[in-house]
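For reference, the structure discussed in these notes is given below.
No value in this document is a laboratory result; all are computed from the given coordinates. Keep in mind the model is a prediction, meaning the values are calculated, not measured. Don't worry about glycine lacking a Cβ; one is built from the backbone with ideal geometry, like all the others, and counts go over all protein chains shown.
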Ligand SMILES: Nc1ncnc2c1ncn2[C@@H]1O[C@H](COP(=O)(O)OP(=O)(O)O)[C@@H](O)[C@H]1O
Ligand SMILES: [Mg+2]
C-alpha cells in the first residue's frame with residue numbers, strides 16, 4: 001500500500017507550508033497564505049523541563065486539519081510529553097500550544113474540559129477498564145458526557161465496534177482480548193464522541209509487523225470514512241511511510257523537519273534521510 005496523495009489544493013498548501021516549516025522556524029502563522037483553519041494544532045517554541053531533564057527544547061510544529069500526521073521520533077524523545085501538552089495534561093514552561101487557534105495554557109478549567117471532548121485518544125495499551133466489558137468500555141464516554149438514551153448509545157457503540165472489526169466481541173472482557181483487539185477497542189472508544197482530533201500514542205507498540213500493518217490499514221480506513229485530524233505518534237518508520245499524509249520528525253525535544261509525506265521522503269536533511277531510511281550510518285548515532 002502506498003500513501004495517499006493529497007488533493008491538488010492541499011498539495012499546494014503543503015508546498016507553501018513547507019517553505020515555512022524548516023528547522024526552528026515553526027509552523028506558518030498569521031499569514032495570508034494559508035486559511036486560518038489550516039492548522040488544527042500549533043506548537044510555538046514549546047519548552048518543558050522536568051528537574052534537570054530538558055525534554056522539549058523549543059518545539060515548533062503545526063498539525064494540518066483533516067489529515068493523518070505522523071509524529072516520528074526515537075523512544076524517550078518526548079512524544080508522549082508532547083501529546084500531554086496538546087490536551088492540557090501538561091503545560092509548557094515557555095511557549096504556547098494552540099488548538100484550533102485557542103491557547104491551551106490560557107484556558108480556564110471549563111474551557112479545558114470542553115476542549116478535551118474534541119479529542120479522541122488511543123493510549124498505548126488501549127487503556128480499557130479491566131472490570132468492564134468491551135461494550136461498556138466503548139459506551140463509557142457517551143454515558144459520561146452525553147444524555148443519549150441506552151438505545152442511542154447502543155447504536156453508536158455497535159457502529160464503532162463494527163468499524164474496528166469487533167462487532168462480535170462486545171460482551172468480552174478486556175482480559176479475553178488479544179493485544180491487537182484491545183487497541184481496536186480503545187480505538188472504537190476514542191471515536192464515540194465524534195472527535196475532531198484523534199491521537200494515537202504508539203498504536204503499534206507490542207504488535208508484530210503484520211498486526212501493525214493491519215492496524216495502520218484500519219486507521220486509514222476509519223479516517224477515510226469519518227474524517228478528522230489524526231495524529232499518530234510512533235517510532236515505527238514503516239507505519240509512517242504507510243499511512244502518513246504529513247510527517248513531523250522529533251529529535252531531542254524539537255522538530256527537525258515537518259512537511260507533506262512526499263516532501264519528507266525526499267528530504268535533503270541528512271538526519272531526516274537517515275531516520276526515514278532507518279539507516280545505521282548518518283548523523284543520528286547511538287546515544
Ligand atoms: N511527568 C514526568 N515527570 C518527569 N519526567 C517525565 C515525565 N513524563 C516524561 N518524563 C521524561 O521525559 C522524557 C520523554 O518521555 P516520553 O515523552 O514518555 O518519551 P517517548 O518519546 O518515548 O514517548 C523521558 O526522559 C521521561 O523520563
Ligand atoms: Mg511514549
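Note on residue 221 and residue 47: their simple-model spin labels are 4.7 nm apart, each label 7 Å out from Cα toward Cβ. Report the Cα centroid-to-centroid distance between the stretch 240-271 and the stretch 101-153 in angstrom, as an integer. Using only Cα atoms to place each centre, the spacing works out to 30 Å. Residue separation of residue 171 and residue 238 scaled by 0.36 nm, minus their Cα-Cα distance, works out to 20.8 nm of gained length. In the stretch 136-287, the ratio of gyration radius to Kirkwood radius, Rg to Rh, stands at 1.05 when only Cα atoms are counted.
In plain terms, if you count all Cα to Cα distances in the stretch 143-223 and split them into 10 Å steps from zero, the share in each step is 16, 50, 29, 5, 0 percent.
If you count, for each residue, the other Cβ atoms within 10 Å and average over each peptide, how do 263-275, 140-152 line up from highest to lowest? Walk me through the numbers on the way to the answer.
Numbers: 263-275: 17.6, 140-152: 12.7.
Put in order of decreasing packing, that is 263-275, 140-152.
What is the list of residues in the stretch 117-143 whose amide nitrogen lies under 15 Å from a point 7 angstrom out from the Cα of residue 211, following Cα to Cβ? Output list for this probe position: 124-128.
As a proxy for reagent exposure, ranking 117, 48 by other Cβ atoms within 10 Å from fewest up yields 117, 48.
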